[in-house]
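Read through the structure below, which is laid out as structure tokens, and then see the notes.
The values are calculated or read from the model by the stated rules, or taken from the named source; none is laboratory data. Because the structure is a prediction, the values reported are computed rather than measured. Neighbour counts run over all protein chains shown; Cβ positions are idealised from the backbone, glycine included.
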Amino acid sequence: DGRQLYRFSAEGRHLSTLDTLTGAVLYTFGYDSAGRLITITDGDGNVTTVQRDGKGNPTAIIASGGQRTTLAVDANGWLARVTNPAGETTQLSSTSGGLLQTFTDARNGVSRYTYNALGLLIRAEDPAGGVKTLSRIDSSSGYTATLTTALGRTRTYQVLYLSTGAVRRINSDEHGARTKVLSNPDGTQVVTYPSGVIVTTTFGPDPRFGMQAPRVVQRVRKTPGGPTETITTTRDVLLYDSNDLLSLETLTDTATINGRTFTRVYTAGNRTFTDTSAEGRRRLTQLDTQGRVIHQETIATPALEPRTFTYDTRGQLTEARQGSQFWTFHYDAGNRLIERRDTAGQTVTFGYDANDRLTEQTFPSGVTYQFGYDANGNPTQVILPSDAVHAFSYTPVNL
């Protein structure tokens, strides 16, 4: 939607991500002398670090809250092991060319993958022994891929390149229901659903970034023998400097739905959206430099109390307020929410395991619920305040 802009070095490395409304830097990326990624820093200064050994292989990812995920690679440099902060390990094995052969989850469930001579996946086996096979048939105008389950159920995915330059995709499920997608060179897309509903979407250029950020300019939804919904949109941009695409003054989006018009105007000077409905109702939303909502107000009679939101230096929500009512939020050094307090002073507290999974929640009445998980992160138990236990177990494929 043109909301983010990505900057790259001359070598093609991602250097930063910018918010095209506020102009703020959302993320910056750091590299070592060999061009390998070593840091990701968000707009609040929170840093995620990729640690590497002397050969440049990744050995760990350190989150901004200190959580450490360790990594190991095989002799060819492909990822072989991932261990989360709770010590639960996932293992991978790959061919010398990097094709994944086995994936062993933290419960020791093994998934296996087989490829043809071209490196295309032709068989996938899950930890419960379920098998899916894949095949592909090429033709002069495209190809058809077929997915077959162990029960003989098939899904087909057909791609046809038409002489007009259009591309038609036809997806058929095991019951024969077909979804057709026609992508035309003029930027229109026509989707026909099994129900007979036809959705035609026309894309157009963003006024600042052109077709690098295509936007929907019209969408028409037709039902068999029923009503038609037509949505048209426009976007107008005013810049302080026509040579600087980020020198935004105002951005106006208009959407008309079956003759009813809705508008949204963004004013860069105070980072505020003004939304106006077809009935004339208005809502104001103000952002901070990082694009977070800090003030929201509905213009109505009688007046409604505005809502305000406050954040700490790490970008975490610390207070939500409307009139005399408010809620405060507190976090630990690992960036995890540990306490929520309301206007009356009632608190809810939260506890976590090393992998940031919720393990304990205590309510204002003092009652506590506890939660347990297996190595794959599936919830395995809920312990009630009465000490009664609700237990859950899972199949090898986590069902």
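All conditions in (1) touching a Lys or Arg at 6+ places or on another chain (Cβ under 7 Å); (2) touching a residue at least 60 places away in the same chain (Cβ under 8 Å) hold for Gln290, with the sole exception of (1). Would you say Asn108 is polar (S, T, N, Q), assigned to a loop (DSSP other than H, G, I, E, B) and either at pLDDT 95 or above or in contact with a helix residue (DSSP H, G or I) (Cβ under 7 Å, 6 or more places away or on another chain) (or both)? Against the criterion (polar (S, T, N, Q), assigned to a loop (DSSP other than H, G, I, E, B) and either at pLDDT 95 or above or in contact with a helix residue (DSSP H, G or I) (Cβ under 7 Å, 6 or more places away or on another chain) (or both)), Asn108 qualifies. Return a yes/no flag: does region 250-266 have any residue that is in contact with a strand residue (DSSP E or B) (Cβ under 6 Å, 6 or more places away or on another chain), farther than 23 Å from Gly323 by Cα and among the acidic types (Asp, Glu). Yes, region 250-266 contains at least one residue that is in contact with a strand residue (DSSP E or B) (Cβ under 6 Å, 6 or more places away or on another chain), farther than 23 Å from Gly323 by Cα and among the acidic types (Asp, Glu).
Taking the listed residues Thr313, Thr359, the one that is under 28 Å from the mean Cα position of the chain (by Cα), within 30 Å of Ala375 (Cα to Cα) and in the same structural domain as Gly377 (by TED's automatic domain parsing) is Thr359, with no other qualifying.
Just to be sure before I move on: is Ala34 of a type outside the set (Ser, Thr, Tyr), buried (at least 16 other Cβ atoms within 10 Å of the Cβ) and not assigned by TED's automatic domain parsing to the domain that holds Gly315 in the structure I sent? So Ala34 does not fit the description; no. Only one of the numbered conditions (1) surrounded by 13 or more Cβ atoms within 10 Å (Cβ to Cβ); (2) in a strand (DSSP E or B) is not met by Asn398, and that is (2). Restricted to region 280-295, and to residues there that are assigned to a loop (DSSP other than H, G, I, E, B) and basic (Lys, Arg), the residue that is farthest from Thr310 (Cα to Cα) is Arg281. Of all the numbered requirements in (1) surrounded by 16 or more Cβ atoms within 10 Å (Cβ to Cβ); (2) under 30 Å from Gly204 (Cβ atoms); (3) of a type outside the set (Gly, Ala, Ser), Asp244 misses one, and that requirement is (1). Condition test on Gly142, is it of a type outside the set (A, V, I, L, M), surrounded by 14 or more Cβ atoms within 10 Å (Cβ to Cβ) and either within 28 Å of the chain's Cα centre (by Cα) or modelled with pLDDT under 95 (or both)? Spelling it out, it is not the case that Gly142 is of a type outside the set (A, V, I, L, M), surrounded by 14 or more Cβ atoms within 10 Å (Cβ to Cβ) and either within 28 Å of the chain's Cα centre (by Cα) or modelled with pLDDT under 95 (or both).
Applying the criterion of at least 3 residues that are closer than 20 Å to Gln290 by Cα to the strands (runs of 3 or more DSSP E) found wholly in region 308-361 leaves 317-322. Across region 192-213, the number of residues qualifying as closer than 30 Å to Asp173 by Cα, surrounded by 13 or more Cβ atoms within 10 Å (Cβ to Cβ) and not hydroxyl-bearing (Ser, Thr, Tyr) comes to 5.
In region 69-88, the residue that is surrounded by the fewest Cβ atoms within 10 Å (Cβ to Cβ) out of those that are among the aliphatic types (A, V, I, L, M) and without any contact (Cβ under 8 Å) to a residue 24 or more places away in the chain is Ala75.
Checked against (1) surrounded by fewer than 16 Cβ atoms within 10 Å (Cβ to Cβ); (2) under 30 Å from Thr395 (Cα atoms); (3) not acidic (Asp, Glu), Gln91 meets all criteria but (1). Looking across region 211-244 at every residue that is part of a loop (DSSP other than H, G, I, E, B) and of a type in the set (Ser, Thr, Tyr), the one that is farthest from Gly23 (Cα to Cα) is identified as Thr223.
Scanning region 227-254 for residues that are within 28 Å of the chain's Cα centre (by Cα) and of a type in the set (A, V, I, L, M, F, W, C) returns Ile231, Val237, Leu245, Leu246, Leu248, Leu251.
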